[in-house]
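Below you'll find the structure, written out as structure tokens, and then a few comments.
The values are calculated or read from the model by the stated rules, or taken from the named source; none is laboratory data. This is a predicted model, so every value here is computed, not measured. Here the Cβ positions follow ideal geometry from the backbone for every residue, glycine too, while neighbour counts run over all protein chains shown. Accessible surface is based on the protein model in full, side chains and every heavy atom, while ligands, DNA and RNA are left aside. Shrake-Rupley method; radii C 1.70, N 1.55, O 1.52, S 1.80 Å.
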Protein chains: 2
Amino acid sequence: MFLAGAMLLPIPFSLYYGDSDSLALFAGAFITFVCGLVTYHTTSFDNDLRAKEGFTAVTLGWIVFSAFGCLPFILSGAIPSFTDAFFETMSGFTTTGATILTEIEALPHGLLFWRSLTHWIGGMGIIVLSLAILPFLGVGGMQLFKAEVPGPVADRLAPRVTETAKILWGVYVAITLLETALLMFGGMSLFDALCHAFGTMATGGYSTRNTSVAAYQSVYIDYIITFFMFLAGVNFSLHYRFIKGDWKAYWKNKEFRYYLLIIFLAILLIGIDTFVHQYDTISEAFRYTSFQVLAIVTTTGFGTADYEQWSASSQFVIFILMFIGGSAGSTSGGIKVMRVYLLFKFVLSEITRLIHPHAVVPVRLNNTTVPRDVVFNVLSFFVLFISIYVLGVFFMTLLGLDLITSFGAVVACLGNIGPGLNQVGPTDNYAHIPDMGKWILSFLMLVGRLEIFTVMVLFSPSYWRK
Amino acid sequence: MFLAGAMLLPIPFSLYYGDSDSLALFAGAFITFVCGLVTYHTTSFDNDLRAKEGFTAVTLGWIVFSAFGCLPFILSGAIPSFTDAFFETMSGFTTTGATILTEIEALPHGLLFWRSLTHWIGGMGIIVLSLAILPFLGVGGMQLFKAEVPGPVADRLAPRVTETAKILWGVYVAITLLETALLMFGGMSLFDALCHAFGTMATGGYSTRNTSVAAYQSVYIDYIITFFMFLAGVNFSLHYRFIKGDWKAYWKNKEFRYYLLIIFLAILLIGIDTFVHQYDTISEAFRYTSFQVLAIVTTTGFGTADYEQWSASSQFVIFILMFIGGSAGSTSGGIKVMRVYLLFKFVLSEITRLIHPHAVVPVRLNNTTVPRDVVFNVLSFFVLFISIYVLGVFFMTLLGLDLITSFGAVVACLGNIGPGLNQVGPTDNYAHIPDMGKWILSFLMLVGRLEIFTVMVLFSPSYWRK
């Protein structure tokens, strides 16, 4: 029913621009509302959600949203195939931004707005998921955030989630509105500014233009979006603390510092390379490099330049950034900086342990020792991420895609980025992928978005055993 | 001095075939002997080697062998560049089999024999290293073999290593002689049979022919080598137990079963694909598929077909086999089946732990619980392997190689395989790689061969602290 309400929001834009998609949006909202109402009245649930049920609830949530959220695309005839429409909507709600549209500007304004809004709604879900739900489900080391999230300390999940959600959504809405205003100041229409702000803050990447942000040819807009992509890749509880007056909140945080370091190194490595081989001036090299680095490391996927024109080493840095992703507790995907940092510290501690077999070498984060169980969680996340990546690439090659396209498509979807490499590169789209491939990639978006384990536990026989 | 003695062994072949390389071999042996003698008399060492010193001793051993072992190539003028000769010899002693030679058959017989002998000597070193030394240094989970290795149970390293080495080398020599005899039965000369048996049992892959094993055009020889590659990829302590009369030794071992399973699945997946797209008969598809699968998974690298002509999915399976490698305690490289198995079991146990947070879910191997410390060791091995792989690929792309060539070259050297992908594929060689690249790849061969940690601890500041 919430989704049905959201589907009505694009209608004013549709009417304003005189487009013909209002009816499809309204019909979609109506069907969704009726189904919601029937389900609400025919099912009953215990208010006291247990951890185990949390996995199913979250996974089903994203699937149901995508299945109903694609109705406007189908009903309007804009995306006639259910596979395509589902892919596009899952890509929206998971804030991936991979598109099957070959001609984005041909879409009516209502649908374009809805497409960007799915990002923004997905982003809302992810912030709450990663900072209020997953820490209590103990997924992939997210329990480290138990102590960090704002809101009342409570034992039961429901009231805590509600309070935390209110606080974080406030931050999310505020930053989105600020970006919208700044983009309008740069000459964007309210419609374009909102859509791009949705795409930025959710680290989604759907644009209203065929050539993405490059279409605006504006240094100002490029840097505004670069800066807000950077913000969207930061743990939202840090934004909250900063707004509350804790001016050192960012700098005190180890993950934030490493996030900065990774961005700095990537811009340096690619910047030198593109300045030598591609661009005429340092400012041009910096502008395009920083935009693309932020677009990829935050897993947003907007584009102002085609990184496939860069050298192999720069492309490889981009490829590795796709795996790393932004900060935990942000809307970005990928493995996340916090986990990469813990993996790195873990390996160092193991090397020390080889030299001094009887020494106790703890892994530390933000001046506290990370429990071994959490280190195990993070390691299993990494192993599973790589395993699913390998399986995904294998399935893509089976469908006839070449190696580089498969390498790119799978990380672009599993890491919720959008653009990949070769045939799914930043100037291409996913229209040509076989239907089976689109379903596999949709599944990978979901798996990546829900931090792998949330979905994978559902495939474990012991989950279903009484 | 041992190496100097070994350098004399090819001379009879050189004389028999009337080649002109005897002098270079003799001169190389002489220089090596004199240097050895001087070092022996000017240095003194405590007989009671400590664990910490073991890392340096082993790493230096491989470097010194490669530095002196390349003398015959340089002195004869066959490989004038030191970089090339060192690469070729390191590739030999690490049983990698990556070659910089564009015209192998132009080499005189003495040097060809020496080249193959470096494999065999390297293989001897690896068996003892992995079954007698690393278990006591606690590298990458190898301590699991503490209880499994043959030989007397002793607290001090030296006598135990000596006893274990004698037993395992007996097995190694016996299987090598058996293969030599069977290859001669198939029409090979003693020279060719010995060289190929050396290359097989060490999972090295240097051939005496430009087109590798394909040159013999013999179904019999193909299957003999396939079978012995299979044996070379098995833990040598299992061979020993089998010879001693424990007929169920293989089957009782979990790693062996998974090694079989991986080979079976790979042959099935690639076999169906190549039968449909490449070969006319099932027997032809089976012959070429099984040879190539065994050549890659055991990290031997012999070739009878160009897998780069296969479809992307079959190439991807080959690519993944390169990472997996053969069994621990064999002469093969890569991550090793035992570790892949433990990673898989670990992820399953972590999924179960998410569902039942208070359950104790141990990781088991061969009916015993694997201590958490060992699981940590294996995990750190995996993370470090992937990290070094990523760094290696980055350096290769910096030198101007394309992505696929870099992906292939780095795993082919780090995993001690030999042939990689694209420009270093099975029909190519490493001659065209820039000198800096050859040094990096030589380093990666060493790192991979010594199970990563043996070399990496030497880069840790705490290793050098008093």
(request) Could you size up the charge dipole of chain B around its Cα centre, putting +1 on the beta carbon of Lys and Arg and -1 on that of Asp and Glu, and report it in debye to the nearest 20? (result) 1820 debye
(request) Evaluate peptide B:315-327: per residue, the Cβ atoms of other protein chains within 10 Å of its Cβ; return the mean as an integer. (result) 2
(request) Using only the Cα atoms of region A:192-309, each taken as one equal point scatterer with no solvent, compute I(q) by the Debye sum, divide by I(0), and report log10 of the ratio at q = 0.09 Å⁻¹. (result) -0.26
(request) With viscosity set to 1.567 mPa s and temperature to 4 °C, compute the Stokes-Einstein D of the protein assembly as shown, Rh being the Kirkwood radius across alpha carbon pairs; µm²/s, no decimals. (result) 44 µm²/s
(request) Could you run the Karplus curve 6.51 cos²θ - 1.76 cosθ + 1.60 with θ = phi - 60° over region A:403-410 and give me ³J(HN,Hα) per residue in whole Hz, x for Gly and Pro? (result) 4, 5, 4, 5, 3, x, 4, 5
(request) Provide the FRET efficiency to the nearest 0.05 for the B:Leu260-B:Ala174 pair, computing r from the beta carbons and using R0 = 30 Å. (result) 0.85
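Counting residues in region B:345-441 as N, plug N into 2.2 N^0.38 Å and put the Cα Rg over that result.
Normalised Cα radius of gyration, region B:345-441: 1.52.
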(request) Treating each Cα of region B:249-464 as an identical point scatterer and ignoring solvent, apply the Debye formula and state log10 I(q)/I(0) at q = 0.09, 0.17 Å⁻¹. (result) -0.41, -1.20
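Quick one: ranking B:His277, B:His358, A:His119, B:His432 by accessible area, 1.4 Å probe, largest first, what do you get?
So, going from the largest accessible area down, we get B:His358, B:His277, B:His432, A:His119.
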(request) Rank these by accessible area, largest first, 1.4 Å probe: A:Tyr279, B:Tyr172, A:Tyr258. (result) A:Tyr258, A:Tyr279, B:Tyr172
(request) Jot down the radius of gyration and Dmax of chain A, Cα atoms only, both in angstrom. (result) 21.4, 74
(request) In whole Hz, with x marking every Gly and Pro, tabulate ³J(HN,Hα) for region A:305-315 from phi via Karplus 6.51 cos²θ - 1.76 cosθ + 1.60, θ = phi - 60°. (result) 8, 8, 5, 6, 7, 7, 6, 4, 5, 5, 4
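Give the whole-number value, in cubic angstrom per residue, of the convex hull volume spanned by the C-alpha atoms of region A:282-367. The partial results should precede the final answer.
On the way: hull volume 11.7 nm³, N = 86.
Normalising the Cα hull of region A:282-367 by residue number yields 137 Å³.
With the contact rule set at Cα under 8 Å and sequence spacing of 6 or more, what percent relative contact order holds for region B:345-466?
This gives 16 percent for region B:345-466.
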(request) Find, among the residues of chain B, the one whose Cβ sits nearest the axis of the rotation taking B to A; state the distance in whole Å. (result) B:Leu379, 2
(message) Under the convention of a label 7 Å out along Cα→Cβ, give the distances in nm from B:Leu260 to the same position in every other copy, shortest first.
(response) 5.8
(message) Using a 7 Å offset from the Cα along the Cα-to-Cβ direction at both B:Tyr16 and B:Phe286, what is the distance between the two label points in nm, to one decimal?
(response) 3.5 nm
(message) Using only the heavy atoms of the protein chains and a 1.4 Å probe, how would A:Trp439, A:Trp247 rank by accessible area, largest first?
(response) A:Trp247, A:Trp439
(request) Along Cα-to-Cβ, 7 Å out, sits the label point; list in nm, shortest first, how far the one on B:Asn210 is from those in the other copies. (result) 5.1
(message) Given the whole protein assembly as supplied and a 1.4 Å probe, what does the accessible area of B:Met1 come to in Å², nearest 10?
(response) 90 Å²
(request) Output the relative contact order of chain B, whole-number percent, from Cα pairs under 8 angstrom with separation of 6+ residues. (result) 18 percent
(message) Check which residues have an amide H placed less than 5 Å from B:Leu365's amide H, if you skip close sequence neighbours.
(response) B:Val370
(request) Using a 1.4 Å probe and ignoring any ligands, DNA or RNA, find the accessible area of B:Leu101 and quote it in Å² to the nearest 10. (result) 20 Å²
(request) Specify the inter-centroid distance of region A:245-314 and region B:264-285, based on alpha-carbon positions, in whole Å. (result) 45 Å
(message) Report the Cα centroid-to-centroid distance between region A:425-452 and region A:165-208 in angstrom, as an integer.
(response) 25 Å
(request) Would you mind checking A:Lys52/B:Lys345; B:Lys254/B:Lys336; A:Lys248/A:Lys336; A:Lys244/A:Lys345; A:Lys438/B:Lys336 for any pair whose Cα atoms are more than 24 angstrom apart? (result) A:Lys244/A:Lys345; A:Lys438/B:Lys336
(request) Pairs of Cα atoms under 8 Å, at least six residues apart: use those to get the relative contact order of region B:249-464, whole percent. (result) 17 percent
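If R₀ is 25 angstrom, what is the calculated FRET efficiency for the pair B:Lys248 and B:Phe227, using the beta carbon separation as r and rounding to 0.05? Walk me through the intermediate numbers first.
Details: r = 20 Å, r/R0 = 0.81.
The value I calculate is 0.80.
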(message) Quick check on chain A: helices-only [θ] at 222 nm, where DSSP H runs of length 4 and up contribute -39,500 (n - 2.57) each and the sum goes over total residues. Nearest 500, please.
(response) -20000 deg cm²/dmol
(message) For a quick check of understanding: with a 1.4 angstrom probe and all protein chains in place, what accessible area in square angstrom does B:Leu144 have, to the nearest ten?
(response) 40 Å²
